[in-house]
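Written out below as structure tokens is the structure these notes cover.
The values are calculated or read from the model by the stated rules, or taken from the named source; none is laboratory data. Treat the numbers as computed from the prediction; the structure is a model and nothing was measured. Positions of Cβ are generated from backbone atoms using ideal geometry, with glycine treated the same way; all protein chains shown enter the neighbour counts. Surface accessibility is based on the protein's heavy atoms, side chains included, excluding ligands, DNA and RNA. Shrake-Rupley method; radii C 1.70, N 1.55, O 1.52, S 1.80 Å.
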Amino acid sequence: MHRHSTLEVRVRNIIEETSTIKRFTLQAADCSMLPSFSGGSHITTFLPQPSGNLERHYSIFNTTSERGLFEIAVRLAEDSSGGSRYWHQHVQVGDCLSVSYPKNYFPLSFQAKHHVFYAAGIGITPFLSMMAELVDKNGSFELHYAAKSKEQCAFYDYLRQEFPDQSHFYFSNGEGANRLLPAHLLNHRIGTHVYFCGPENMIQDFKAAAQSFGYPSFHIHLERFAPLAKKEQHAFQVHLKKSGGQLEVPANVSLLDVLLQKGIKVPYSCRVGGCGTCEIKVDEGQIVHFDSFLSEEQHSSQQIMLCCVSRGRGRLVLDI
Amino acid sequence: MTIPVHEELSFRKGKRKYLFCADSNGAESLYDLVRLAMEENAPFDFLVIENESDSFLDLWFSQQKMGTYLYMAGNWEWVNRLKSLAVEAGFSEYEMQMKALGNRSKKVICSKCHGVNDVADESHISCMHCGIKLEVSSHYSRRLDAYLGYTSIL
């Protein structure tokens with residue numbers, strides 16, 4: 001059977017969750033059922049632009065009572081590079097667009113005795129499908145969710161209704177502000193796995209705290225939808241050992257993009273250093289890692305890198 | 001889940017608490033680690049376990065918080081029992097180390113016929129099922145709780 005690499009979907013419904021977050025319900029354009037997906041899955045959406053398709057990743061969930069639908073929630077970013085602005089300002093009910101099949105780089109641990117989700121803002125979205133999956137499996141979990149206020153808290157009523165015993169809210173604005181702090185991590189029983197999704201500084205703070213409390217990396221899970229901010233953005237050179245080429249990687253372009261532009265078919269997927277698809281071997285040179293996929297041992301070995309986000313200092317010799 | 005047993009125990013710095021469990025023979029193996037935990041000013045519990053019930057140990061393990069690291073030292077049967085209880089309570093292989101004392105047969109899987117052999121300390125055996133000569137490797141399978149026996153190429 002021939003299988004298309006993308007799915008054609010139609011926007012069935014749009015709901016304003018908050019003043020900055022919209023929820024879109026997507027159905028198959030031919031009215032068939034969209035594929036099922038596991039908790040933490042996402043799709044890539046292909047947004048038509050004059051300069052070509054804009055690829056953006058969004059977690060998928062389904063809060064409706066109907067099977068075979070995808071829902072995504074999009075926050076209008078103040079510094080939008082096009083994706084969220086397109087969703088908020090151009091997409092209407094009835095519009096058709098292409099999306100990828102579901103992929104999952106943020107699955108639930110099958111070894112955890114207890115799952116604890118830490119979300120801030122739009123970071124709630126992957127946890128909607130994860131919690132639904134755990135309810136089906138009778139799994140043990142809790143949610144700690146931070147927002148500026150009740151009004152800015154997407155899915156507040158839904159969460160209170162569906163997961164009343166597991167949901168804990170933290171609103172930072174107004175009187176009696178209650179902040180979500182990394183010290184919460186001290187309370188979790190042995191066998192807990194923790195999951196972080198939210199702004200980069202929130203992820204960094206919680207990850208660092210968990211490690212400082214002695215959590216093994218195996219028990220810490222996180223998802224980024226944007227690459228880690230790079231402190232250094234220098235140009236560097238790569239020598240391709242097998243094909244013999246020499247390439248310059250400019251400061252504002254990724255090594256992956258340079259390789260693809262030169263026709264070198266490197267497999268890739270997430271483009272944010274989270275999935276490991278674009279791993280390449282490095283024979284010589286100093287790698288500066290920006291991924292969240294490889295282990296500390298793999299980073300210090302200086303023998304492999306994820307070319308979508310990581311860079312070199314000076315000159316790298318690649319085994320391609 | 002099964003977890004390989006360590007030949008030697010190593011100290012894992014940076015944990016919020018340490019649990020040291022031993023039978024009467026294993027306690028001495030843990031003294032150096034206890035000293036290191038004390039130098040770290042880390043809280044620890046040291047428990048010599050002989051006849052405690054499974055329910056007591058399950059409760060004790062289950063009440064521990066994330067960031068706790070478990071060391072165990074004792075004879076093989078004791079280590080296997082404690083390991084099962086710890087895993088059941090939620091400890092993963094990244095939160096524990098154990099040392100087993102005395103001889104114990106280990107399982108070796110024949111790479112030709114996949115038969116299971118019980119082996120003591122031998123480095124080379126003949127598979128009791130198909131007769132081929134096997135070198136006992138350090139390639140351990142958590143799923144099978146067994147080591148792979150390579151065929152010896154002569």
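Observations, loosely collected:
- Two-site label geometry, residue A:169 and residue B:132: point separation in nm, points 7 Å out along Cα→Cβ: 6.4 nm
- GNM on chain A, alpha-carbon springs under 10 angstrom: the most fluctuating residue among A:104, A:201, A:187 is A:187.
- In a simple Cβ point-charge model (Lys, Arg +1; Asp, Glu -1; nothing else charged), chain A has a dipole of about 480 debye relative to its Cα centre.
- 17 Å reach of a label modelled at residue A:200, 7 Å along Cα-to-Cβ, counting backbone N of region A:281-320: A:288-293, A:308-312
- FRET efficiency for residue A:269 and residue A:161, using Cβ-Cβ distance with R0 set to 35 Å, rounded to 0.05: 0.50
- For region B:32-85, the mean projected area of the C-alpha convex hull, equal to one quarter of the hull surface, is 4.2 nm².
- Accessible area ranking (1.4 Å probe, heavy atoms, ligands and nucleic acids excluded), largest first, for A:19, A:292: A:19, A:292.
- Isolated Cys residues of chain B, judged by Cβ distance under 4.7 Å to other cysteines: B:21
- Measuring between alpha carbons in the structure, the pairs from A:113/A:148; A:113/B:65; A:281/B:112; A:207/B:99; A:242/A:262 lying more than 23 angstrom apart are A:113/A:148; A:281/B:112; A:207/B:99.
- Antiparallel %, DSSP beta bridges [both residues in the protein assembly as shown], to 5: 55 percent
- Taking the convex hull of the alpha carbon positions in chain A and averaging its projected area over all directions gives 18.5 nm².
- Size of region A:222-315 as Cα extents on the principal axes (Å, biggest first): 37, 26, 24
- Sorted largest first, the principal axis extents computed over the alpha-carbon atoms of chain B equal 55, 31, 27 Å.
- Here the gap between residue A:46 and residue A:179, fully extended at 0.36 nm per residue and compared with their Cα-Cα distance, gives a gain of 44.2 nm.
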